[in-house]
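The values are calculated or read from the model by the stated rules, or taken from the named source; none is laboratory data. Values in this document were obtained by computation on a predicted structure and should not be read as measured data. Virtual Cβ from ideal backbone geometry, glycine too; neighbours counted across all protein chains shown. Quick note on the areas: whole protein, heavy atoms, side chains included, nothing else; ligands and nucleic acids left out. Shrake-Rupley method; radii C 1.70, N 1.55, O 1.52, S 1.80 Å.
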Amino acid sequence: MMKYEVAVVGGGVAGLTAAIYAAKAGKRTIVIEKQDRLGGRAVSNKKKGAYFNLGGHALYHGDALATFRELGLRLQGNQPSIDGYGIWKGKLLTMPMGIKSLLATPLLTWKGKMELASWLVKLGKLDTHRYDQISLRDWIEGHLHDPMVRNLFYALLRTASYVAAPDMQAAGPVLQQLQHSLQGVLYLDRGWGAVIDELREMAAEHGVKMLTSSKVVAIEHRDGAVQHVRCEDDTRVEAKHIVITAPPAVAHRLVPNAESTALHAWREQAIEITAACLDVALRRLPRPKQQFVYGIDQTVFLSNQSRAAYLSDDGAQVISVIKYQGEDTNPDTDLRDLEQTLDLVQPGWRDELVAKQYLPRITVCHDFLHMGRQHQPGPAVPEIAGLYVAGEWASHGELLVDAATASAKRAVQYLLSREETEGKPQYAHRDIV
Ligand SMILES: Cc1cc2nc3c(=O)[nH]c(=O)nc-3n(C[C@H](O)[C@H](O)[C@H](O)COP(=O)(O)OP(=O)(O)OC[C@H]3O[C@@H](n4cnc5c(N)ncnc54)[C@H](O)[C@@H]3O)c2cc1C
């Protein structure tokens, strides 16, 4: 039996962030990861000299960027230009993202251009939290008049959040994400795996023990307090505080009698979002001007990430194409749609192909702020002292990796505050949305 003060289950961004903050606060900390490498969905794979993230990844001006900067990560990479195209009725047309493109685009009438221009000006100052309780569709239909301006907002907001479910998605968080994206995003040199490398090094510097290839199969608790983590190979780690960063269904499975804890409601309310992702490395771009494309009447998106980041050792261009999925998905149809998008944007791309990666259905998030949500997950599981949750699904309104870092810090802050108030009566707190 190993003994730690804090045990973190899962070594993705959330797990590594939680471990670093706990270790920085002086806690003896361990991360237990089932895969043979750390990083979770933020790993990068290197194929024939090209770095592929698990689907296109952009770092927004949100909690993760602020956290990584606070931790002193180098974060090498650049901000891509947002000039691009929209796919409408099978054609590529200028996407109105600034004054010049707004004037040039054939997508909008003059009236539509005026409406979009006024929104681009006022969007930055919008108090987005006012719209946390209404669906994205209600916000768009209630605030925007021109049908094409509405279509453009659906496309931009889908891309910013990866969610193609405007009736379910709460408007506030995704509008905030759009605000962040208008400040520009960061594409990272050598992919997001470079961030994981930096987080791993930092965790090691702070003395965090990292156990890989160790699948946690149970989190034992007794008399309302956590006891230890049990792994598949029967390794046991005793810890006063256990932070689970695995998905809600896994968290539920790991904890005996989870039905009588908040883990049950969190699992029941969770809505998973998936995407099909095709990443290709091309020797050269057949159409060098066409590097950034939003689907307007299709739920696809394409970006040449190499236009802002070092993603290949021999100059190949790494392009990510994404299809945002709903409940019904078909890997063959999705692959066809992704390849057709490439055919439209970079005709002849097959002749330039160096390497490719196809992920037919990858989970982008295990939950997010949606209209059916009753409870904000975490940071503490109120019924079991010493048990916490983090991970992008434990979002309190943040999106994607911002939710991973924000929830990780919430869990650590909560466990540290528990230690401070030890011996005093505890009133676990759970926000109702
Ligand atoms: C296609 C795609 C595109 C994305 N694009 C963006 C983007 O542009 N911008 C953005 O901000 N975010 C993006 N994201 C989201 C971002 O990658 C995730 O939010 C983030 O990586 C999640 O980190 P996490 O630690 O919460 O979860 P994970 O990375 O899933 O980490 C959880 C870890 O727990 C481990 N685990 C699970 N069960 C066990 C167990 N029983 N025992 C031990 N370990 C276990 C898993 O192996 C995993 O390593 C994207 C994600 C995808 C898939």
Please go through segment 1-17 and give me each residue that is more than 19 Å from residue 221 (Cβ to Cβ) and more than 9 Å from the ligand (Cβ to nearest atom), ordered by number. none
Within segment 386-400, is there a residue that is at pLDDT 95 or above, surrounded by fewer than 23 Cβ atoms within 10 Å (Cβ to Cβ), away from the ligand (no atom under 12 Å from the Cβ) and more than 25 Å from residue 170 (Cα to Cα)? yes
Identify, please: which residue in segment 396-412 is touching a residue at least 40 places away in the same chain (Cβ under 8 Å) and either assigned to a loop (DSSP other than H, G, I, E, B) or not hydrophobic (A, V, I, L, M, F, W, C) (or both) and is, among those, nearest to residue 27 (Cα to Cα)? 409
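Residue-by-condition table, conditions (1) of a type in the set (D, E, K, R); (2) within 30 Å of residue 385 (Cα to Cα); (3) without any contact (Cβ under 8 Å) to a residue 40 or more places away in the chain; (4) outside the structural domain of residue 397 (by TED's automatic domain parsing):
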site: 7; (1), (2), (3), (4): no, yes, no, no
site: 13; (1), (2), (3), (4): no, yes, no, no
site: 20; (1), (2), (3), (4): no, yes, no, no
site: 33; (1), (2), (3), (4): yes, yes, no, no
site: 64; (1), (2), (3), (4): no, yes, no, yes
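Going through segment 321-337 one residue at a time, which ones are more than 24 Å from residue 85 (Cα to Cα) and either open to solvent by less than 30 Å² (accessible area, probe 1.4 Å) or assigned by TED's automatic domain parsing to the domain that holds residue 163 (or both)? Step through it out loud before you land on a result.
Step one: list which residues in segment 321-337 are more than 24 Å from residue 85 (Cα to Cα), which gives 327-332.
Result: no residue meets the conditions.
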Residues that are under 30 Å from residue 252 (Cβ atoms) and surrounded by fewer than 23 Cβ atoms within 10 Å (Cβ to Cβ): does segment 5-12 have at least one? yes
Only residues that are under 10 Å from residue 345 (Cβ atoms) and open to solvent by 10 Å² or more (accessible area, probe 1.4 Å): list them for segment 290-307, please. 290, 291, 292
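For residues in segment 401-423 being within 16 Å of the ligand (Cβ to nearest atom) and among the charged types (D, E, K, R), which is nearest to the chain's Cα centre (by Cα)? Break it down into steps so the answer makes sense when it comes.
Looking only at segment 401-423, we keep the residues that are within 16 Å of the ligand (Cβ to nearest atom), and these are 401-412.
Checking which are among the charged types (D, E, K, R) leaves us with 402, 409-410.
Values: 402: 7, 409: 16, 410: 17 Å.
Out of the qualifying residues, it is 402.
Within segment 1-54, which residues are aromatic (Phe, Trp, Tyr) and within 18 Å of the chain's Cα centre (by Cα)? Before the answer, list the steps.
Here is the first cut: in segment 1-54, the ones aromatic (Phe, Trp, Tyr) are 4, 21, 51-52.
Within segment 1-54, 52 is the sole residue that qualifies.
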Restricting to helices (runs of 4 or more DSSP H) lying wholly in segment 92-158: which have 1 or more residues that are open to solvent by 20 Å² or more (accessible area, probe 1.4 Å), closer than 25 Å to residue 399 by Cβ and of a type outside the set (Ser, Thr, Tyr)? 110-122, 136-143
Residues of segment 345-378 satisfying the condition of being surrounded by fewer than 18 Cβ atoms within 10 Å (Cβ to Cβ) and assigned to a helix (DSSP H, G or I): 350, 351, 352
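Within segment 251-278, how many residues are open to solvent by 40 Å² or more (accessible area, probe 1.4 Å) and either on the phi < 0 side of the Ramachandran plot or touching a Gly at 6+ places or on another chain (Cβ under 7 Å) (or both)? Give the derivation first.
In the first step, residues of segment 251-278 are kept if they are open to solvent by 40 Å² or more (accessible area, probe 1.4 Å); the result is 253, 256-257, 259-260, 264, 267-268, 271-272.
Those left that are additionally either on the phi < 0 side of the Ramachandran plot or touching a Gly at 6+ places or on another chain (Cβ under 7 Å) (or both): 253, 256, 259-260, 264, 267-268, 271-272.
Residues that pass the stated criteria total 9.
With the requirement that a residue be under 24 Å from the mean Cα position of the chain (by Cα) and modelled with pLDDT of 95 or more, what does segment 326-338 give you?
Initially, segment 326-338 is screened for residues under 24 Å from the mean Cα position of the chain (by Cα), giving 326-331, 334-335, 337-338.
Of everything in segment 326-338, those that are under 24 Å from the mean Cα position of the chain (by Cα) and modelled with pLDDT of 95 or more turn out to be 334, 335, 337, 338.
Would you list the strands (runs of 3 or more DSSP E) that sit entirely within segment 200-288 and hold 2 or more residues that are without any contact (Cβ under 8 Å) to a residue 40 or more places away in the chain and farther than 30 Å from residue 305 by Cα?
Fully inside segment 200-288 and qualifying: 216-222, 225-231.
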